[in-house]
1. List the number of the failed condition for H130; all other conditions in (1) away from ligand 2 (no atom under 16 Å from the Cβ); (2) crowded, with 19+ Cβ neighbours inside 10 Å; (3) more than 15 Å from the chain's Cα centre (by Cα) hold.
2. Restricting to the stretch 105-128, name every residue that is of a type in the set (V, I, T), under 12 Å from A83 (Cβ atoms) and not in a strand (DSSP E or B).
3. What are the residues in the stretch 22-45 that are away from ligand 2 (no atom under 15 Å from the Cβ) and part of a strand (DSSP E or B), if any?
4. Answer yes or no: is there a residue in the stretch 209-222 that is near ligand 1 (Cβ under 10 Å from one of its atoms) and aliphatic (A, V, I, L, M).
5. Restricted to the stretch 184-213, and to residues that are within 18 Å of the chain's Cα centre (by Cα) and of a type in the set (S, T, N, Q), which residue is nearest to S148 (Cα to Cα)?
6. Here's a check for you: in the stretch 160-201, which residue that is more than 13 Å from ligand 1 (Cβ to nearest atom), touching a residue at least 12 places away in the same chain (Cβ under 8 Å) and among the polar types (S, T, N, Q) is surrounded by the most Cβ atoms within 10 Å (Cβ to Cβ)?
7. Filter the stretch 295-317 down to residues that are part of a loop (DSSP other than H, G, I, E, B), buried (at least 19 other Cβ atoms within 10 Å of the Cβ) and not polar (S, T, N, Q) and give me whichever is modelled with the highest pLDDT.
Amino acid sequence: MSRPITKVYGTLLLGDDPLSVTRAGNIIKNGGLVAFPTETVYGLGAAATDSEAVKRIFTAKGRPPDNPLIVHISSREQLNQIAKTVPDTANILIDKFWPGPLSLVLHRSEAVPAIVSAGLSTVAVRMPNHRVALDLIAASGVPIAAPSANRSGRPSPTTYNHVLEDLAGRIDAVIRSTICPIGVESTVLDLTGLKPVMLRPGGLTREELEETLGCRLEISGLKYSGSAPHSPGMKYRHYSPRAPLILVTGPINRRRRLIKMIFNYYRRKGLRVGYLDPGTPEDLMTETGSEQLARNLYSNLRRMDALEMDLILAEETEPAGLGLAVMNRIRKAAVRVLKIK
Ligand code: AMP
Ligand code: MG
């Protein structure tokens, strides 16, 4: 028996069973917006071939119109529909990493309306490694344009409750499923230049990509916002909880001492101060340590809001494995970075 149908402020809550996913596919086919789970974060999907539907994504999220979307596909045929050409490097990476958390920037075909790519002549495309996402794309019969399903600037959603917090009443439906296992967005790799360039670190690690490509990867605009001309969306403040977040970097003992001082100083003044605990350095050196950190990053940031923190303190983490993506997100969420030598 399927669950009774429920709505939250007009947004339909759907299960992740085949019947509900077919229903969600029909909503997309008819120009509607559906939030759905992927292995990275929840996406907010619309038919990528329907410019009116895609426009609704920007409105629902309050997303700046110059921030392009990623097109999600469920078959190789759809790739040929989306991209003008598929270079050899793309084929090698696709064979190895799709379905998975890797978005490839390729030249955009005419089948994709310009609004999807915020007017760029390129398009980012990926095949998600999640049964519900793949079934939804297949059920809708079209590639699905989908950014993360949060209000613009907020931490990305990794549970359907996060989606409802931000978008209830603004979208047609959300598919209820389990927590997104990776927890940070896909890695974005630009393949339209002479050499591959990583535009955004994400769920597929730099190390895995470099091993397959057999070379060091150029990383564009990694440290601070505003310096990534190829990846327009990265210039905005992003992933932010409501309370100001301060990032402290430098040698571990010194940065932890400074964090403790700031923490105690503001606590004595009666403020609620949160600390985003990255775990021990030993934890972070292990793969599971950085995987856990990534999986819980956005729910931890949202929990700081639920606890009504006035200030959040975060510290530098090892930028290896998924730690690179975690550091990138924390830097972008931060209002200030305190560097100690
Ligand atoms: P989101 O799905 O919300 O994580 O946003 C998608 C991100 O992918 C954008 O903010 C850009 O950084 C990147 N992106 C999407 N399409 C392109 C493109 N055509 N060229 C460069 N970067 C892109
Ligand atoms: Mg996003």
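The values are calculated or read from the model by the stated rules, or taken from the named source; none is laboratory data. Bear in mind that the values here come from a model prediction, so they are computed numbers and not experimental data. As a convention, Cβ positions derive from the backbone with ideal geometry for all residues, glycine included, and neighbour counts pool all protein chains shown.
1. Condition not satisfied by H130: (3).
2. Going through the stretch 105-128, the residues of a type in the set (V, I, T) turn out to be 105, 112, 115-116, 122-123, 125.
Add one more test, that the residue is under 12 Å from A83 (Cβ atoms), and what stays is 105, 112, 122-123, 125.
Residue satisfying the conditions is V112 alone.
3. V34
4. Restricting attention to the stretch 209-222, the residues satisfying the condition of being near ligand 1 (Cβ under 10 Å from one of its atoms) are 220-221.
Pick out the ones that are also aliphatic (A, V, I, L, M) and you get none.
No, the stretch 209-222 contains no residue that is near ligand 1 (Cβ under 10 Å from one of its atoms) and aliphatic (A, V, I, L, M).
5. Here the answer is S186.
6. Among them, the one singled out is S177.
7. Initial filter on the stretch 295-317 (part of a loop (DSSP other than H, G, I, E, B)): 307-310, 316-317.
Filter once more, so that each one left must be buried (at least 19 other Cβ atoms within 10 Å of the Cβ): 309, 316-317.
Okay, now just the ones that are also not polar (S, T, N, Q), so 309, 316.
Numbers: M309: 96, E316: 91.
That would be M309.
Rundown of residues vs (1) surrounded by 13 or more Cβ atoms within 10 Å (Cβ to Cβ); (2) in a loop (DSSP other than H, G, I, E, B); (3) modelled with pLDDT of 90 or more, yes/no style:
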| position | (1), (2), (3) |
| --- | --- |
| N264 | no, no, yes |
| L271 | yes, yes, yes |
| P278 | yes, yes, no |
| D283 | yes, no, no |
| Q292 | yes, no, yes |
